[in-house]
Amino acid sequence: MSQPVKLVSFAIVLVCILLALNFGLRSSMGFFMTPISEEFGYGREVFAFALALQNLCWGLFQPLAGAFSDRFGTMKTLFIGAALYALGLYVTTDAGSVTSLNLGAGILMGMGIAATGFGVVLPALARMVAPEKRSFALGLGSAAGSAGQLLVIPVAQGFIAAYGWSNALLLLAGCALMMVLLSSPFRHETQPASFQAESTENTQTMMQALKEAGVYRHYWLLVVGFFVCGFQLAFITVHMPAFLSDEGFSSEVAVASLSLIGLFNIFGCLLSGSWAGIYSKKKLLTIIYALRAVAIALFMVFPMTDWSVYLFSIVTGLLWLATVPPTSGLVAQMFGLRYMGMLYGIVFLGHQLGSFSGVWLGGYLYDHTGSYDVVWWAACIIALITALIHIVIDERPVARLRAQMA
């Protein structure tokens, strides 16, 4: 990859399929909550905690996976991640043991997702393409994850219905191993000429990059904002099927809801990636979080019908991963690409701390109150706060990069 890769190419297609598998497999885990909980007599908090642990481990290992990828290459990272992902799904088949459930669906899957997902692949994707194509490439990669949610969730639900939840997990483990083959575009990974030119004056070490970001207030505002994103997305992904079942909707409505989110997320990511290359990224994020708050409030206030669920899913899908292109783009814009994997990984850790909170609180508060209402309204309020936070972020490159540009 000494020359930038075209957006329409076989390499980009393989990368997008890899991201689709990464995102789709973990998005399907919510459909295992009911059969596993019913078979072993667990409350929903037990399975919810395992998935909350997954999100937490995903976040904790994301900076490490990003740093490993920056140092040793994307392909080696993806090999290790695919093996951990598949092993986690396999261990989860022994869900009769809470320890196995937490180890498999929680720790191992969380590590595998970190090493095969956005935090590793998007920085590599940004380095593959020309500078003017980066924002759209990030949107394309995010859209690929959405396509995975659209395509893999119905397949996983079909596996559960046809073969039972345990065999379904084994089949999904086989799918996870396919990511090894899909990592081939990074086999001869080198820095494209555009990135080499951009990096000639960057003699910064990894520790210097960490120190620079650590004392930069606007970087931490970005971390706080992504915490809220994770809270909302993980709560909906894991608890939406159970929530809709409690409201009297069939499992088909839940499948359609998450599939619609995945479908319209594709359009939302592509639009966000395109706009992030033209307009202010922080203003785009402000609008996205404000619209999320409005959507949740209207969903909770008005009577729920099949069509209101579908409408909410469509709007949510448009805003779902639309935060990823401008957020990851801001990291690159502020600090450059050299240590983007590590620095975006830290931002993503904030996202996953939010995911842990959303998933676990959803199960905990449901078991203690019999309702998800408190979590829904909390997600609405913190989205409004996040919209305000992004108004004050300084999206200019840090002083070091501005001096180099001058």
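Residue check: is Gly341 surrounded by fewer than 24 Cβ atoms within 10 Å (Cβ to Cβ) and more than 26 Å from Ala256 (Cβ to Cβ)? The answer is no for Gly341. Contact map, the stretch 142-166: first residue within 25 Å of Ser97 (Cβ to Cβ), second residue open to solvent by 30 Å² or more (accessible area, probe 1.4 Å) and not in a helix (DSSP H, G or I), Cβ cut-off under 7 Å, separation 6 or more or different chains; pairs are Ser166/Thr93.
Checking the stated criteria, Ser28 turns out to be modelled with pLDDT of 85 or more and either among the hydroxyl-bearing types (Ser, Thr, Tyr) or under 30 Å from Glu252 (Cβ atoms) (or both). Each residue in the stretch 32-72 was checked for being within 30 Å of Ser183 (Cβ to Cβ) and in contact with a helix residue (DSSP H, G or I) (Cβ under 7 Å, 6 or more places away or on another chain), and 21 pass.
Quick check on my filter: what residues within the stretch 375-406 are surrounded by 13 or more Cβ atoms within 10 Å (Cβ to Cβ) and either more than 21 Å from Val224 (Cα to Cα) or small (Gly, Ala, Ser) (or both)? Within the stretch 375-406, Ala378, Ala379, Ala383, Ala387, Arg400, Leu401, Gln404 meet the criteria. If only residues of the stretch 87-120 that are open to solvent by less than 10 Å² (accessible area, probe 1.4 Å) and more than 27 Å from Val331 (Cα to Cα) are counted, the one that is farthest from the chain's Cα centre (by Cα) is Ala95.
When Pro123, Pro154 are checked against the criterion of being within 21 Å of the chain's Cα centre (by Cα), more than 17 Å from Val8 (Cα to Cα) and open to solvent by 10 Å² or more (accessible area, probe 1.4 Å), a single residue qualifies: Pro154.
Okay, residues lined up against (1) in contact (Cβ under 8 Å) with a residue 12 or more places away in the chain; (2) of a type in the set (S, T, N, Q); (3) under 30 Å from Phe136 (Cβ atoms):
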| position | (1), (2), (3) |
| --- | --- |
| Arg26 | yes, no, yes |
| Arg44 | yes, no, no |
| Phe47 | yes, no, no |
| Cys57 | yes, no, no |
| Leu64 | yes, no, yes |
| Ala82 | yes, no, yes |
| Thr93 | yes, yes, no |
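For the stretch 8-31, a tally of residues being open to solvent by less than 30 Å² (accessible area, probe 1.4 Å), touching a Gly at 6+ places or on another chain (Cβ under 9 Å) and closer than 16 Å to Leu89 by Cα returns 6. Taking the criterion of being of a type in the set (A, V, I, L, M) and either surrounded by fewer than 16 Cβ atoms within 10 Å (Cβ to Cβ) or modelled with pLDDT of 90 or more (or both), the residues of the stretch 301-334 that qualify are Val301, Met304, Val309, Leu311, Ile314, Val315, Leu318, Leu319, Ala322, Leu330, Val331, Met334. Take the conditions acidic (Asp, Glu) and under 28 Å from Leu53 (Cβ atoms) and apply them to Glu252. Does it pass? Answer is no for this residue. Out of the residues in the stretch 32-62 that are open to solvent by less than 20 Å² (accessible area, probe 1.4 Å) and not hydrophobic (A, V, I, L, M, F, W, C), state the one that is nearest to Ala105 (Cα to Cα). My answer is Gln54. Restricted to the stretch 274-300, and to residues there that are open to solvent by less than 30 Å² (accessible area, probe 1.4 Å) and of a type in the set (Lys, Arg), the residue that is nearest to Ile393 (Cα to Cα) is Lys281.
Taking the criterion of being modelled with pLDDT under 90 and open to solvent by 10 Å² or more (accessible area, probe 1.4 Å), the residues of the stretch 261-273 that qualify are Leu263, Ile266, Leu270.
Given the criteria under 22 Å from Leu263 (Cβ atoms), among the aliphatic types (A, V, I, L, M) and outside any helix (DSSP H, G or I), does Leu311 qualify?
no
Among the residues making up the stretch 162-193, those that are modelled with pLDDT under 90 and either surrounded by fewer than 18 Cβ atoms within 10 Å (Cβ to Cβ) or of a type in the set (A, V, I, L, M, F, W, C) (or both) are Ser184, Phe186, Arg187, His188, Glu189, Thr190, Gln191, Ala193.
The values are calculated or read from the model by the stated rules, or taken from the named source; none is laboratory data. Not measured: the values here are computed from a predicted model. Using ideal geometry, Cβ is built from the backbone for each residue, glycine included, and neighbour counts are taken over all protein chains shown. Accessible surface areas use protein heavy atoms only, side chains included; no ligands, DNA or RNA. Shrake-Rupley method; radii C 1.70, N 1.55, O 1.52, S 1.80 Å.
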